[in-house]
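Asks: Dumping the structure here so I can ask a few things about it.
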Amino acid sequence: MADAAILQQRPALNATQLAGPIVILLVLVMLVMPLPPVAISFLFALNIAAGLVILAASLYVHSPAEFSSFPSVLLATTLMRLALNVATARAILLNGYTGPGAAGHVIESFGQFAVGGNYVVGGIIFIILIIINFVVVTKGASRVAEVSARFMLDSLPGRQMAIDAEINAGILSPQAAERRRDMLRREADFFGAMDGASKFVRGDVVAAMIILVINMLGGLLVGTLQQGLPLADAARTFTLLTVGDGLAAQIPSLTISIAAGLVVTRVATGEDIGQQIKSQVSRYPQALAIGAAITGAIGIIPQMAHIPFLLLAAALGYLSRRISVQAAQAAMDGSAAGPSAPALENKTDTMVDVTGVDPLGMNIGFALTPLVGPGEGRLLNRLTAVRQRYGRAMGFLVPAVHIRDSSELSAHGYRFTLRGAVIGGGEAWPGQWLALEGPMVVEKLTIGRAVKDPAFGQPAVWIPQSVIPMAEELGYTVVDAASAIATHFAEILKRNGAELLGRPQVEGLMSRLAETTPRLAEELRSNLSMGLIRQVLQALLAEEVPIRDFERIAEALLEAADNGPKELDRLLAAVRLRLGRFIVTQFAGGEPTLRVAVLQQQLEELITKSLRAARDSGLGQEIEAEIAGHLRQAAENAARALRGRGIKPLLVVQGALRRAVARTVGATLPVIALEEIPETMPLQVVQTAAPGGAA
């Protein structure tokens, strides 16, 4: 009963669904069964009509992706034409001795009317059509399809990143972005398919030449040896039939090849090819005037065919004059409307102007404007490179930096803003160089403007270019103004990366997850809110843990959500545990042993008691102020000692304490849980973090 109900629910097949099987059936019939002349004529007429319809359709598409079925249509028509060639070859060889109508009236018409019954002329025309089709149209279309497919695949990542950037900027909604991504996929699939399908057309042309030779030779043998016809009669009859067959087959082949060339060479402008050519040529009436003058000059040359050239010159001159008059009239109408209305419209604020806030912005004083241009420093390129490098390292698309000049700043001042709030700033002097003081400095500079490096706060000096050799000789590290600002920007991104991850970026991560593992993305959306997922990701970024492996993060979130309460700290711990090997690798580097600091036992007990008391009081994971002060002092001591020994600072604590300790000292000393360290990683405790010093 259930099977019967399912069968009843299935819709009946319609004509569109039967089209594919019918075409395959026709191809098989033409390959294995002899066809009467009437059927062959009908199929030839159908083939020619289909080619003309496809050619006409290719003229009206606005972009190649609109005709995404073209590669399949190309293959189907090519198979139909080859099968028809087999059917006509059979009819010509079996019944050619009976006369020109042996293979149908269409072939007879092409053999008699199109070439006047002269098989020599017909053969020459057939060869010319083959050359046009194979050497010019098909070869050119194949090359364009190959290059377009290569360029499309090369540009696909960049175009997808551009869509993500527009989502981040609020220009595109997630639904519109999905439509754009779908269009990109269709274009990539189309050009890839066209690259392969064009080879079918080239093979079809080669097959037509081989079939022509086979039919001619076979017809001569059948006519003379089997039917007893004189050699001249057999040559004339079978050659005329073969040429008629070739011409009738080459017409649709040529139209399909032209359609393929038109489709792959289209540039998407939202217009069909006629409108596109008209709108673009009509912009330049002087080009028509020059063409009219040259054509007219050719027409008045003695011994030249005057009438055609002079008529064309007159027509081009008329079109040029008419277009010029229409353009002048349109300009007059525009000026008559007056500039006041557009000017007033430009001065009217929109809601975007009033409420829009840049996700990531930079304000500069007027003295720094030379750094933004294409000349000195190329600051914008430096900031873009830093932003993209950080985004690739952390696994999400960082919003673009919008640079604006500000009268509120000093001439050499700059500041970075995050959604309107200042997150850092400094001063820079274009044309001068920043000499950074380091441990290798043997003597301090007395020339220049002494400042603090805005990125790390170490002593530095702005010096003119002539002092650079002296500064480097004294052990200073010298960078230009744009590099100093870019380095400062990189440190600001590290400190504020978590706040840069907004809802659009999370939606982008979910969309990419849905493309690779749709079931996982669906379960994640149904089990956890986007806000909670974003909080977990922000907590990871706050401790400089990349979120590139979003698939593993999603798996850890789902497992944690299924096995307990959906709390931020619990979910974060589960994700960090899943990413433990990767997190530890960042600190171990290439060393076989992970060297770490641990908390002093007395301090660890105090922290545990403080957290227990806070939980009992309903305050969550909060460490008492006095104990937090001791913890910060201990972290500073441990970090200083580890750096002094050339070891990357890292503190290992129990999993239950990690989140609270990291919130307190994470900016000074990175904190990981003991459970996050893989069993295969050897652990060496080289420092004890204690308030009074190192143990």
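Asks: Considering only DSSP beta bridges whose two residues both sit in region 536-695, what percent are antiparallel, to the nearest 5?
Replies: Numbers: 2 of 13 bridges.
Here the share of antiparallel DSSP bridges comes out near 15 percent.
Asks: With the convex hull built on the Cα atoms of region 181-245, state its orientation-averaged projected area in nm².
Replies: Details: hull surface 22.0 nm².
Directional mean of the projected Cα hull area for region 181-245 stands at 5.5 nm².
Asks: Further, regarding this structure: For a quick protection proxy, order the peptides 298-306, 518-526, 185-193 by their average other-Cβ count within 10 Å, most packed first. Intermediate values should be presented prior to the final figure.
Replies: Working: 298-306: 11.2, 518-526: 14.3, 185-193: 18.6.
Put in order of decreasing packing, that is 185-193, 518-526, 298-306.
Asks: With N denoting the number of residues in region 521-678, provide Rg(C-alpha) divided by 2.2 N^0.38 Å, to two decimal places.
Replies: Values: Rg = 16.3 Å, N = 158, 2.2 N^0.38 = 15.1 Å.
The reported ratio for this selection is 1.08.
Asks: Most exposed first by the Cβ proxy, i.e. fewest other Cβ within 10 Å, how do TYR390, TYR476 rank?
Replies: Numbers: TYR390 18, TYR476 27.
Exposure proxy ranking, most exposed first: TYR390, TYR476.
Asks: Another question about this same structure. What size of dipole, in debye to the nearest 20, comes out for region 464-591 about its Cα centre when the only charges are +1 on Lys and Arg C-beta atoms and -1 on Asp and Glu C-beta atoms?
Replies: Values: 14 positive and 19 negative charges, 87 e Å.
Roughly 420 debye for region 464-591.
Asks: Using the C-alpha gyration tensor of region 608-695, what are the square roots of 5 times its eigenvalues, in whole angstrom, with the largest one first? Mind showing how you got there, number by number?
Replies: Details: eigenvalues 110, 57, 18 Å².
Sorted largest first and rounded, they come to 23, 17, 9 Å.
Asks: Viscosity 1.002 mPa s, temperature 20 °C: give me the Stokes-Einstein translational D for region 282-326 in µm²/s, with Rh taken as the Kirkwood radius over C-alpha pairs.
Replies: Using the Kirkwood radius from Cα pairs, D works out to 205 µm²/s.
Asks: Give me the number: length gained by fully extending SER406 to ARG632, i.e. 0.36 nm times residue separation minus the C-alpha to C-alpha distance, one decimal in nm.
Replies: Working: separation 226, 0.36 × 226 = 81.36 nm, distance 3.83 nm.
Here the answer is 77.5 nm.
Asks: Over region 564-695, what is the relative contact order in whole percent, taking alpha-carbon pairs under 8 Å and six or more residues apart? Walk me through the numbers before you get to the answer.
Replies: Working: 179 pairs, mean separation 48.7, N = 132.
Once divided by the residue count of region 564-695, the mean separation gives 37 percent.
Asks: Label region 424-515 by shape, choosing from rounded, prolate and oblate, from the square roots a ≥ b ≥ c of the eigenvalues of the Cα gyration tensor; if a/c is under 1.5 it is rounded, and otherwise prolate applies when a/b is larger than b/c, oblate when it is not.
Replies: Working: a/c = 3.33, a/b = 3.16, b/c = 1.05.
It comes out prolate by the Cα gyration axes.
Asks: Separate question: Which FRET efficiency value, to the nearest 0.05, is calculated for THR593 and ARG392 with the Förster distance at 35 angstrom and r the Cβ-Cβ distance? Each step should come with its number before you reach the end.
Replies: On the way: r = 29 Å, r/R0 = 0.84.
That pair, THR593 with ARG392, gives E of 0.75.
Asks: Using modelled amide H (1.01 Å from N, peptide plane; none on Pro or chain starts), what sits under 5 Å from the amide H of ILE403, excluding residues fewer than 5 places away?
Replies: HN-HN under 5 Å from ILE403: MET362.
Asks: For a quick protection proxy, order the peptides 676-685, 206-215 by their average other-Cβ count within 10 Å, most packed first. Present the calculation step by step, with values, prior to reporting the outcome.
Replies: Numbers: 676-685: 12.5, 206-215: 16.1.
By packing density, highest mean first, the sequence is 206-215, 676-685.
Asks: Relative to the compact-globule scaling 2.2 N^0.38 Å, provide the ratio for the alpha-carbon radius of gyration of region 355-500. Spell out each step's value before the answer.
Replies: On the way: Rg = 15.7 Å, N = 146, 2.2 N^0.38 = 14.6 Å.
Ratio of Rg to 2.2 N^0.38 Å for region 355-500: 1.07.
Every read-out reported here was derived from the displayed coordinates using simple, explicitly stated rules and does not represent laboratory data. It should be emphasised that the depicted structure is a prediction, and the values quoted were computed from it without experimental measurement. Using ideal geometry, Cβ is built from the backbone for each residue, glycine included, and neighbour counts are taken over all protein chains shown.
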